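The values are calculated or read from the model by the stated rules, or taken from the named source; none is laboratory data. Since we're looking at a predicted model, the values are computed, not measured. Methodologically, a virtual Cβ is constructed for each residue, glycine included, from the backbone with ideal geometry; neighbour enumeration extends over all protein chains shown.
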Amino acid sequence: MRFKGLDLNLLVIFEALMDTRSVTRAGERLGMTQPAASAALRRLRDYFGDDILVAVGKRMHPTPFAEMLLPEIQRSLQGVERAIATPVTFDPRKSSRRFRISTSDYIMVAVLVPLAQRLSAAAPNVQLEMVLPGEDSVPALEHGKLDLLITPEPYLAAWHPSELLFEEEQVVVGWAGNPAFASGIGEEEFYAAGHVTVSMGSARTPAFADSHLQHLPRSRKIEVAVASFASAPWFLTGTTRLAVLHQRLAKAMAPMFDLAWAPMPFEFPRLREMIQFHEARATDAGLTWLRSELLDIARGS
């Protein structure tokens, strides 16, 4: 099959060459002989008018043009793969599909745990795979390695569709034995206390509330910084420390950690938690069903 004079099979070979940086290994991956892989590289060079891969010492290195071309080729191949893998209809009672979702442990507790409980009866063979967010979440969505990204609105990728999952109040959380909750937590008490903050991923991206608080005129006294919301309560119990967490999470964790919570002592924005998916998957029947289930769980609770 040719498109504008290019044998489309060469796009698959191009990706393998760029990944392996070796004609021999690319051929082995695709079940081609070394001469056939070499011939494919020559055809790519002729079509694009570029060397694509050049030998430097004993290794092959891509040219700047090939590096620039690679993400475009990958997106094209992934789009084709998604198109041929997506069924026209989706029956959750019969499907054994695995959905990969990137989201925080807060959403896992607040939404995905009750969703999994529901699916155990309604879609017994459907699988949910959850991964924590990081710097690679948006690229993973872009490259088809994620089905959904659930994240606060400021962290969305602007070029893919999204929809509101729910809005959430942020609350001040601490140990129930902390006397500040009995006397009332005002702005002065809030800033006088030590705080636990949440930052995620290797880049230590602040959580929604902590990011907003960093931009206020007054600074908190940070005593502990943790990498997940589920870790925060362990550093609150038995202390006078405070944390700003989601109200749903505070309610879920309060019985297990003997926590109390109070409204923010000053005006604070509500969190808008969003569902994002690749624009090429907008008509994916399975994802449409899953998004509907997520919305029903989130808004019902």
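Condition first: modelled with pLDDT of 85 or more and assigned to a helix (DSSP H, G or I). Now tell me which residues in the stretch 78-112 satisfy that.
Filtering the stretch 78-112 for residues modelled with pLDDT of 85 or more gives 90-112.
Correct list: 105, 106, 107, 108, 109, 110, 111, 112.
Across the stretch 1-10, what is the total count of residues that are under 17 Å from residue 74 (Cβ atoms) and surrounded by fewer than 17 Cβ atoms within 10 Å (Cβ to Cβ)?
4
Counting only residues that are over 20 Å from residue 56 (Cβ atoms) and basic (Lys, Arg), which one in the stretch 1-45 is modelled with the lowest pLDDT?
Among those residues, the one meeting the criterion is 2.
Could you please let me know if residue 75 is part of a helix (DSSP H, G or I) and touching a residue at least 12 places away in the same chain (Cβ under 8 Å)?
yes
Restricting the search to the stretch 9-37, which residues are of a type in the set (Lys, Arg) and either part of a helix (DSSP H, G or I) or more than 33 Å from the chain's Cα centre (by Cα) (or both)?
Filtering the stretch 9-37 down to residues of a type in the set (Lys, Arg) leaves 21, 25, 29.
Matches in the stretch 9-37: 25, 29.
Taking the stated definitions as given, is residue 222 part of a strand (DSSP E or B) and either in contact with a His (Cβ under 7 Å, 6 or more places away or on another chain) or surrounded by fewer than 17 Cβ atoms within 10 Å (Cβ to Cβ) (or both)?
So residue 222 fits the description; yes.
What's the number of the condition residue 173 fails, among (1) under 19 Å from residue 110 (Cα atoms); (2) of a type outside the set (Asp, Glu); (3) in contact with a Lys or Arg (Cβ under 7 Å, 6 or more places away or on another chain)?
Tallying (1) under 19 Å from residue 110 (Cα atoms); (2) of a type outside the set (Asp, Glu); (3) in contact with a Lys or Arg (Cβ under 7 Å, 6 or more places away or on another chain), residue 173 fails exactly one: (3).
Within the bounds of the stretch 117-131, is there any residue that is of a type in the set (Asp, Glu), closer than 30 Å to residue 270 by Cβ and loosely packed, with under 12 Cβ neighbours inside 10 Å?
There is at least one residue in the stretch 117-131 that is of a type in the set (Asp, Glu), closer than 30 Å to residue 270 by Cβ and loosely packed, with under 12 Cβ neighbours inside 10 Å.
Considering the stretch 113-142 alone, what residues qualify as being in a helix (DSSP H, G or I) and in contact with a Pro (Cβ under 9 Å, 6 or more places away or on another chain)?
Answer for the stretch 113-142, where residues must be in a helix (DSSP H, G or I) and in contact with a Pro (Cβ under 9 Å, 6 or more places away or on another chain): 119, 122, 142.
Name the single residue that is surrounded by the most Cβ atoms within 10 Å (Cβ to Cβ) among those in the stretch 38-68 being over 36 Å from the mean Cα position of the chain (by Cα), of a type in the set (Gly, Ala, Ser) and within 17 Å of residue 6 (Cβ to Cβ).
Restricting to residues being over 36 Å from the mean Cα position of the chain (by Cα), of a type in the set (Gly, Ala, Ser) and within 17 Å of residue 6 (Cβ to Cβ), the top hit is 40.
Filter the stretch 247-263 down to residues that are of a type outside the set (Phe, Trp, Tyr), buried (at least 19 other Cβ atoms within 10 Å of the Cβ) and under 17 Å from residue 185 (Cβ atoms), then give me how many there are.
Total satisfying the criteria: 3.
Being within 24 Å of residue 270 (Cβ to Cβ), within 15 Å of the chain's Cα centre (by Cα) and surrounded by 18 or more Cβ atoms within 10 Å (Cβ to Cβ) is true for just one of 137, 228. Which residue is that?
Only one candidate passes the filter, namely 137.
Consider the stretch 249-301. How many of its residues are part of a helix (DSSP H, G or I) and either among the aliphatic types (A, V, I, L, M) or free of Cβ contacts under 8 Å to residues at least 12 places away in the same chain (or both)?
19
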